[in-house]
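*Asks:* I have a structure I would like to understand better, so I am pasting it below and will then ask my questions one at a time.
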Amino acid sequence: MPKILFVASEAHPLIKTGGLADIAGSLPPALAAQRADVRLLLPAYRDALKHAGTLKPIAQFAVPGLAQSVQIFEGKLSNSSVTLWLLDFPPAYDRPGNPYVDAHGRPWPDNAPRFALLARAAVMLALGQTSLRWKPDVVHCHDWQTGLVPALLAQAENRPASVFTIHNLAYQGLFSYQTFVALGLPAALWSFEALEFYGQMSFIKGGLVFADRLTTVSPTYAREIQTPEFGCGLDGLLRYRADRLSGILNGIDDEVWNPAQDAYLTKCYSARRLFNKLANKQALQQELGLTSNPQTLLLGVVGRLVQQKGIDLILDALADIMQRPIQLAILGSGETVYETALRKLAAQHPGKLAVRIGYDERLAHRIEAGVDGFLMPSRFEPCGLNQLYSLRYGTIPIVRGVGGLADTVIDATEKNLKANKATGIVFHEASAAALVAAIDRAQSLHRNPRLWKQIMLTGMRQDFTWGSRALDYLKLYRSAQRHLRDKPKGV
Ligand code: ADP
Ligand code: GLC
């Protein structure tokens, strides 16, 4: 079975800002369940150290360019047999809060050296250049923070294969030429066929250009990013590498997201005990100061408050939504303009609109369980996890038909309803009017309890656990290894 070094910048339950953490925390155990030997490498952020459980130092080594050596702490990823390696270098990682930004939401000024260090250490581990004897067959990297790994590996002889997964092409890790020089990267990497991107250094290009295999987190997003509309300026490169690129839909951690055993809920429930979902709605209405009424259609939003998620569409549609007999519960944090606007609107609609700004794992679970419908009007969505959690929780997703949303939610058309296939509501145009029309469709379905229940149950029957998707990754790792073996030298 293959040996995999999994390199990421966040992983649940150690540290999380979004879906990447959910995947980095759940795919390695799913691979281990298929008997793969997986080691997960993360920076030893202060929070990660706090949540990691028992750790022991297992290696210390010098990384070129650093005055002090780095350490590897070893532990276990919670509830799994996956070996966790935390890369300790306090000047880079021992700071409070978010891994990428400071308390004011500004990127840490030393992000380039922080994530270059992660890459360099990963490459040294991958090439067996430390005292650790374990050498991987494949290095699996995620998003721009790990983009330099495939680029640096490609410079080495006798290297493992590299796989790079794009979770979000919009975040690219762009830095100046001066930073490129200061990092001491091989000069050959400063080329438009390598890291250079319109005069800047792009970390993500390191992955996109050099990885043996590229994946993204849904088949539709894999196609979309090859077009100018979704390609963020990199669509040409992705078309060029199309034969190496595929989409594997994300799976969910069915231990963490399971309404039958979710400790955050007021009452657990399942398809057979669906009536218990109502207790969660009542509790949520009470907790958030919404008018108590089991009949009112209650919609939820949980997510980063950024343009990607279509928060502007929700804001534009809010006046219309509030004219209807609908309640809305929003939990999120992100751009200050959205946070301020939402807080202001909540004050204008007491009992109907509840807004909680911040990151709150417990409330995220309680919203998934307590609401009737879940809004995701994303402008783009590589995969999206909340619609998958919604389906599992008998909460009907109302989504824009892009990326992973298009791949996972089946629209309640008359035909799909008749065939018992509908799992949610899908709309297409990125406009407030289209969002309101979708909500109106939800409302009319909600007035028909039999149909609404049918959609809930069809959603709950879908299987979005890792199962077969972990096998898809194992297949992909094998093909990356094959590709590397068959590749003529120097290409
Ligand atoms: P993205 O990775 O683009 O943010 P996803 O839908 O893939 O979007 O994943 C988001 C994850 O982060 C989900 O697990 C969601 O519940 C969680 N999340 C996002 N914002 C919050 C928040 N404010 N509080 C709690 N959980 C949040
Ligand atoms: C990204 C994407 C999201 C995806 C997540 C995990 O943050 O925005 O759509 O679900 O990564 O792959």
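The values are calculated or read from the model by the stated rules, or taken from the named source; none is laboratory data. Everything quoted here is computed from the prediction, not taken from an experiment. Methodologically, a virtual Cβ is constructed for each residue, glycine included, from the backbone with ideal geometry; neighbour enumeration extends over all protein chains shown. For accessibility, only protein heavy atoms count, side chains too; no ligands or nucleic acids. Shrake-Rupley method; radii C 1.70, N 1.55, O 1.52, S 1.80 Å.
*Asks:* Would you work out the charge dipole size for the chain about its Cα centre, treating the Cβ of every Lys and Arg as +1 and the Cβ of every Asp and Glu as -1, and quote it to the nearest 20 debye?
*Replies:* 1100 debye
*Asks:* For the pair A188/C232, report the inter-label distance in nm, with labels modelled 7 Å from Cα in the Cβ direction.
*Replies:* Each label point is offset 7 Å from its Cα along the Cβ direction, giving 2.7 nm.
*Asks:* Still on this structure, I have one more. In whole percent, and with a 1.4 Å probe on the protein chains, what portion of the accessible area of the chain is carbon and sulfur?
*Replies:* 52 percent
*Asks:* Nearest 10 degrees is fine. How inclined is helix 361-370 to the longest principal axis of the chain, computing both from alpha carbons?
*Replies:* 40 degrees
*Asks:* Further question: Where Rh is the Kirkwood radius over the Cα pairs of the chain, the temperature 20 °C and the viscosity 1.002 mPa s, what D in µm²/s does Stokes-Einstein return?
*Replies:* Value of D from the Cα-based Kirkwood radius: 92 µm²/s.
*Asks:* For the chain, calculate the relative contact order in percent as a whole number, restricting contacts to Cα pairs under 8 Å that are 6 or more residues apart.
*Replies:* 12 percent
*Asks:* Now, a different point. Over region 136-219, how many percent of alpha carbon pairs lie in each 10 Å bin up to the one with the longest distance?
*Replies:* 20, 52, 26, 3
*Asks:* Something else about it: Taking θ = phi - 60°, what integer Hz values does the Karplus form 6.51 cos²θ - 1.76 cosθ + 1.60 yield along region 426-437, in sequence order, with x for Gly and Pro?
*Replies:* Each residue of region 426-437 in turn: 10, 10, 10, 5, 7, 9, 4, 4, 5, 5, 5, 4 Hz.
*Asks:* State which stretch of the chain is the longest one without any exposed trypsin sites (Lys or Arg not before Pro), exposure meaning a DSSP loop state and at most 13 other Cβ atoms within 10 Å.
*Replies:* That would be 274-446.
*Asks:* Could you pull the Cα extents of region 205-276 along its three principal axes, largest to smallest, in whole Å?
*Replies:* Between the extreme Cα coordinates on each principal axis of region 205-276 lie 51, 24, 18 Å.
*Asks:* Determine, for region 274-462, the count of lysine pairs separated by eight or more sequence positions (or lying on different chains) whose alpha-carbon distance falls under 18 Å.
*Replies:* Final tally of qualifying lysine pairs is 7.
*Asks:* For n ≥ 4 DSSP H runs only, could you compute -39500 (n - 2.57) per run for the chain, divide by its residues and tell me the 222 nm figure to the nearest 500?
*Replies:* Rounded to the nearest 500, it is -11000 deg cm²/dmol.
*Asks:* I need the shape label for region 214-319. Rule: rounded when a/c is under 1.5, else prolate if a/b > b/c, else oblate, with a, b, c from the alpha carbon gyration tensor.
*Replies:* oblate
*Asks:* Could you check how many percent of all C-alpha pairs in region 274-462 are farther apart than 28 Å?
*Replies:* Looking at region 274-462, the distances longer than 28 Å represent 15 percent of pairs.
*Asks:* Considering only protein heavy atoms, what per residue accessible area in square angstrom results for region 274-462 with a 1.4 angstrom probe?
*Replies:* 38 Å²
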